Amino acid sequence: MKKIISTDNAPAAIGPYSQAVQYGDLLFVSGQIPLDPQTGELVDGDIEVQTRRVMENLKAIIESTGMNLKNVLKCSCFLSSMDNFVKFNSVYDEYFQESLPARETVEVGRLPKDVLVEVSAICGA
């Protein structure tokens, strides 16, 4: 059964999509950008600041379902520039030290609101 997931601890969707969708034991978390969940505004800062906000948003959505970051099976990571790859990885690694998910990281031409990073996730119970 498909269940729409929404939490006030992460930014509201800025388009026609859900924060996440749960289907059975799987959770599909939409791409998160560095929006402050309280204000809906972009956080100011470099790739490390933006990545930390993105990861906190992802974590909040995942934890709202009773799962945690150890349940993440795969992340899709989008960077506005591969020049930020090393700094992105250093923050990303803080969140997955114990249980590294599968992942791809790609440079894209442009991200919503011209942010530096976006990350989505697939989780399994």
Label-point separation (nm) for residue 48 and residue 28, each offset 7 Å from Cα along Cα-to-Cβ? 3.5
Point-charge dipole on Cβ atoms (K/R +1, D/E -1) for the chain, about Cα centre, debye to 20: 480
Could you tell me which chymotrypsin sites (Phe, Trp or Tyr not before Pro) in the range 38-125 are loop residues by DSSP with no more than 15 other beta carbons within 10 angstrom of their beta carbon? 96
Restricting to lysine pairs 8 or more places apart or on different chains, what number in the chain have Cα atoms under 20 Å apart? 7
Subtracting the Cα-Cα distance of residue 63 and residue 41 from 0.36 nm times their residue separation yields 5.7 nm
Separation of the residue 3 and residue 107 label points, Cα + 7 Å toward Cβ, nm: 4.1
P(r) tail fraction, the range 2-124 - alpha-carbon pairs more than 20 Å apart, %: 37
For the range 68-125, shape from the Cα gyration tensor axes a ≥ b ≥ c, cut at a/c of 1.5 then a/b versus b/c, turns out prolate
So for the pair residue 93, residue 14, with labels modelled 7 Å out along Cα→Cβ, what separation do we get in nm? 2.9
At most 15 other Cβ atoms within 10 Å plus a DSSP loop assignment makes a site exposed; report the longest stretch of the chain without any exposed GluC sites (Glu not before Pro). 42-97
Considering only 22, 123, 96, whose Cα is most displaced toward the positive end of the charge dipole of the chain, charges sitting on Cβ of Lys, Arg (+1) and Asp, Glu (-1)? 22
Helix-only [θ] at 222 nm, the chain, -39500 (n - 2.57) per DSSP H run of 4+, per residue, nearest 500, equals -7000 deg cm²/dmol
I need to check one value: relative contact order of the chain, counting alpha carbon pairs closer than 8 Å and at least 6 residues apart, in percent. 31
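None of the figures in this text is laboratory data; all of them are computed from the coordinates on show. From a predicted model like this one, the values you see are computed outputs, not experimental measurements. Here the Cβ is made from the backbone with ideal geometry for all residues, glycine too, and neighbour counts use every protein chain on show.
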